[in-house]
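Report on one structure; see the data block that follows.
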Amino acid sequence: MDIVVTGRHCTVGPELKDLVTERIATVERLRDRVIRVEVEFSADNSKNPTDAVEVQITMRSRGPVIRAEAKAGDKNSAFDLAFDRLKSQLRKAADRRKTHRGLRVASALEPAQYSTPPQEETAEDEDKFEVAGMVVDGDGPLVVREKSFDTSPLSLAQALDEMELVGHDFFLYQDAETGRPSVVYRRKAYNYGVIHLNVH
């Protein structure tokens, strides 16, 4: 397992790198098949000193990408928070698999690998912006963030796993059995909902 520790707008000393590497290595017992872990520290330019440092941990494996992030007043505290969130997400996904075995569907599909999408492009002049296929004039209130991901059809069980591992409250996927666009979402406690679209 490769562990890469970097700093953006800040430096990460050798002692902190060693600490991060040592603690990340303990995750292998929670999540096998991990290929690479990226830990990025970045300085936040906001005036709030309690959010001065942001840490993002990204685990890349033969399965879904797992990501956790946190902010704190210093690098160690921010890493501790992000690392605790990462472990919590892994445990929730493992608990969900144990509790909801009825959802498991035999499938030869490999979970999707995700890539970081390119940033949206702006139009040539300063007053017009093209965002998500729309041209926006001036600096109006419209804020659109466009993302695209490479994926393969997933079973409901795989979609629930991936939602837990990225730490989101919802997950968009294509149902492997029906081919319909679908969304799973978190309800209270360990309950989930699913929405399927019938495209005509």
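The values are calculated or read from the model by the stated rules, or taken from the named source; none is laboratory data. The structure displayed is predicted, hence computed values, not measured ones. We place every Cβ from the backbone using ideal geometry, glycine too, and count neighbours over all the protein chains shown. The area values use the complete protein model at the heavy-atom level, side chains included, leaving out ligands, DNA and RNA. Shrake-Rupley method; radii C 1.70, N 1.55, O 1.52, S 1.80 Å.
Things to note:
- Breaking point among (1) more than 23 Å from Arg85 (Cβ to Cβ); (2) modelled with pLDDT of 80 or more, for Glu126: (2)
- Yes/no for Arg36 being closer than 29 Å to Leu172 by Cβ, open to solvent by 30 Å² or more (accessible area, probe 1.4 Å) and in contact with a Lys or Arg (Cβ under 6 Å, 6 or more places away or on another chain): yes
- Single match in Lys17, Lys98, Lys87, Lys92 (criterion: modelled with pLDDT of 70 or more, of a type in the set (Lys, Arg), open to solvent by 50 Å² or more (accessible area, probe 1.4 Å) and farther than 15 Å from Ile3 by Cβ): Lys92
- In segment 43-55, the residues that are crowded, with 18+ Cβ neighbours inside 10 Å and not charged (D, E, K, R): Ala52, Val53, Val55
- Answer residue from segment 20-33, given it is surrounded by 17 or more Cβ atoms within 10 Å (Cβ to Cβ) and either of a type outside the set (D, E, K, R) or farther than 25 Å from Arg91 by Cα (or both) and is modelled with the highest pLDDT among those: Val20
- Any pair with Cβ under 8 angstrom, 6 or more apart, that starts in segment 72-83 at a residue that is open to solvent by less than 60 Å² (accessible area, probe 1.4 Å) and ends at one that is among the acidic types (Asp, Glu): Ala72/Asp51; Ala72/Asp80; Gly73/Asp51; Ala78/Glu54; Ala82/Glu69
- Contacts under 6 angstrom Cβ, first residue in segment 148-177 being in a strand (DSSP E or B), partner among the aliphatic types (A, V, I, L, M) and open to solvent by 20 Å² or more (accessible area, probe 1.4 Å), 6 or more apart: Leu154/Ala176; Phe170/Val183; Leu172/Val183
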